[in-house]
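A.B. asks: Got a structure here, written out as structure tokens. Questions coming.
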Amino acid sequence: MLRNVIEVDEGKPLFQLFFLKDDENQDVEVKEVKEIDFAEIEKRLRDGESVFITRKRKQKLNTRLVAGKDASEHWYFSHV
């Protein structure tokens with residue numbers, strides 16, 4: 001099996017903010033920021049949105065170029 005591991009270290013943005021909107025599409029807006037604007041958080045909460053805040057960490061992305069033997073079942077997209 002051929003694997004490709006990519007290390008991502010974005011030094012600038014320290015936080016990821018997820019704004020979960022309360023609309024018919026249940027849209028999600030993601031912002032990566034260095035500092036949290038609590039006035040914006042408070043405004044969005046008053047507008048009925050949910051807010052999730054997490055630290056942005058160094059990530060290792062593991063991409064598979066060839067499916068391994070551990071793939072137990074086939075899956076596909078029925079439409080695009």
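Bear in mind these aren't lab numbers, they're just calculated from the coordinates by the rules spelled out. Here the structure is a predicted model, which means the values were calculated and not measured. Cβ placement follows ideal geometry from the backbone for every residue including glycine, while neighbour counts extend to all protein chains displayed.
A.B. asks: Which of the peptides 28-35, 13-20 is most tightly packed, and how do the rest follow, judged by the mean count of other Cβ atoms within 10 Å per residue? Display every interim value, and only then the final one.
C.D. replies: Numbers: 28-35: 11.2, 13-20: 15.4.
Ranking the peptides 28-35, 13-20 by packing returns 13-20, 28-35.
A.B. asks: Residues with beta-carbon under 11 Å from that of D22, excluding D22: net charge, scoring Lys, Arg +1 and Asp, Glu -1?
C.D. replies: -3
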